[in-house]
Amino acid sequence: MKSSGSTAWKGPVKFRMPTAENLVPIRLDIQFEGQRYKDAFTWNPSDPDNEVVVFAKRTVKDLKLPPAFVTQIAQSIQSQLSDFRSYEGQDMYTGEKIIPIKLDLRINHTLIRDQFLWDLNNFESDPEEFARTLCKDLGVEDPEVGPAVAFAIREQLYEIAVQSVTSARESRLSKKGRRGSDHGSASKASGLSMDLVKLFSFKSSVVRKRKDLDVYEPAVDMLTNEEVDALEAREERHAR
C-alpha cells in the first residue's frame, strides 16, 4: 500500500497535518460517576471554540450521560486542540521522508493488521480515501472500520509531524548557519528514507516484494462474540 502522488516541498514549512485536510485527531476516554465514554474523531482547529461545548452537550444528550460529562468532554477536547495549536506557526521539516504506518486495530468483530510506507512530504494525501480503498480491497463490510483506520493513520502522522517540529528547532540551535542547518536536515531526512526502504525490503517503490508478501500483506480476522467479550473484559481490567 502507499499514499497517492506526492507534491514536493523543499525546506521547512509551517506546522500542519501532512494531509489535504488539516484535521486534529481527538481521542476521548472519560470515566465519571460510574460510567465510561470512549470516542475518537477528527476536529478542524479553525472551528470556533464554542463549537466544542455545543458538541459536548449534544453528545451527552444523545448518549444519555450524566450532565457532568459535558465539562469533562469539553475540557478534554479543548486541551488536545490547545496542544495542536501550540505548534502552529512553527517550522517543520518535511523534505524526503517516507515513514512507516502500522495498523493493529479491533473494531467491533473485525481485527485488522497492516503496515505500509507513507509519504510525509505529500500534503495532498487523504487518509479517509486510503482507508475506504483498503477496506474495499480487503472486503471489509463493517462501516466503522474505514473511519477507524483513517483515524489511526492521522494519529501517527500527527505524532511524526510534532517530531518534525522538534527536529527543525534542534537543527536551528545546533547548526551555525541557515545553509548548514538546511543541508544537515535534508541529509538526515534522506538517510531516514533510505533506512526505511531497507527496513521494509523495498527499493525505488513501495510495491511489496513477492518474498515479503506473507510478512507485509494485510491481515483481517473476524472475531466471535466470545472472543470480543473476552477482549473487552481484558480492556476494562486494564482501564481500572
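The values are calculated or read from the model by the stated rules, or taken from the named source; none is laboratory data. All of these numbers come straight from a predicted model, not from anything done at the bench. FYI the Cβ positions are ideal-geometry reconstructions off the backbone, even for glycines, and counts take in every protein chain you see. Just the protein is used for accessible areas: all its heavy atoms, side chains included, with ligands, DNA and RNA removed. Shrake-Rupley method; radii C 1.70, N 1.55, O 1.52, S 1.80 Å.
When region 74-119 is filtered for residues that are aliphatic (A, V, I, L, M) and farther than 20 Å from SER46 by Cβ, the ones remaining, listed by number, are ILE98, ILE99, ILE101, LEU103, LEU105, ILE107, LEU111, ILE112, LEU117.
From the list ILE160, ILE98, ILE112, the lone residue that is in contact (Cβ under 8 Å) with a residue 60 or more places away in the chain, open to solvent by 10 Å² or more (accessible area, probe 1.4 Å), of a type in the set (A, V, I, L, M) and touching a helix residue (DSSP H, G or I) at 6+ places or on another chain (Cβ under 7 Å) is ILE98. The set of residues in region 112-170 being assigned to a helix (DSSP H, G or I), in contact with a strand residue (DSSP E or B) (Cβ under 8 Å, 6 or more places away or on another chain) and β-branched (Val, Ile, Thr) consists of VAL145, VAL149, ILE153, ILE160, VAL165. Take the residues in region 86-95 that are in contact (Cβ under 8 Å) with a residue 60 or more places away in the chain and in a loop (DSSP other than H, G, I, E, B), then tell me which one is most open to solvent (accessible area, probe 1.4 Å). Among them, the one singled out is GLU88. The set of residues from region 210-229 being open to solvent by less than 60 Å² (accessible area, probe 1.4 Å) and either modelled with pLDDT of 85 or more or outside any helix (DSSP H, G or I) (or both) comprises PRO218, ALA219, VAL220, LEU223.
Residue by residue, here is whether (1) under 16 Å from LEU105 (Cβ atoms); (2) open to solvent by 20 Å² or more (accessible area, probe 1.4 Å); (3) aromatic (Phe, Trp, Tyr) holds:
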residue: ASN121; (1), (2), (3): no, no, no
residue: ASP126; (1), (2), (3): no, yes, no
residue: GLU129; (1), (2), (3): no, yes, no
residue: LYS136; (1), (2), (3): no, yes, no
residue: ASP142; (1), (2), (3): yes, yes, no
residue: VAL145; (1), (2), (3): yes, no, no
residue: ALA148; (1), (2), (3): yes, yes, no
residue: ILE153; (1), (2), (3): yes, no, no
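Within region 17-57, the set of residues being open to solvent by 60 Å² or more (accessible area, probe 1.4 Å) and in a helix (DSSP H, G or I) comprises ASN50, GLU51, VAL54, LYS57.
Taking THR71, is it surrounded by fewer than 18 Cβ atoms within 10 Å (Cβ to Cβ) and either more than 21 Å from the chain's Cα centre (by Cα) or modelled with pLDDT of 95 or more (or both)? It is true that THR71 is surrounded by fewer than 18 Cβ atoms within 10 Å (Cβ to Cβ) and either more than 21 Å from the chain's Cα centre (by Cα) or modelled with pLDDT of 95 or more (or both). Which ones in region 74-85 are open to solvent by 10 Å² or more (accessible area, probe 1.4 Å) and in contact with a strand residue (DSSP E or B) (Cβ under 6 Å, 6 or more places away or on another chain)? The answer is SER76, GLN80.
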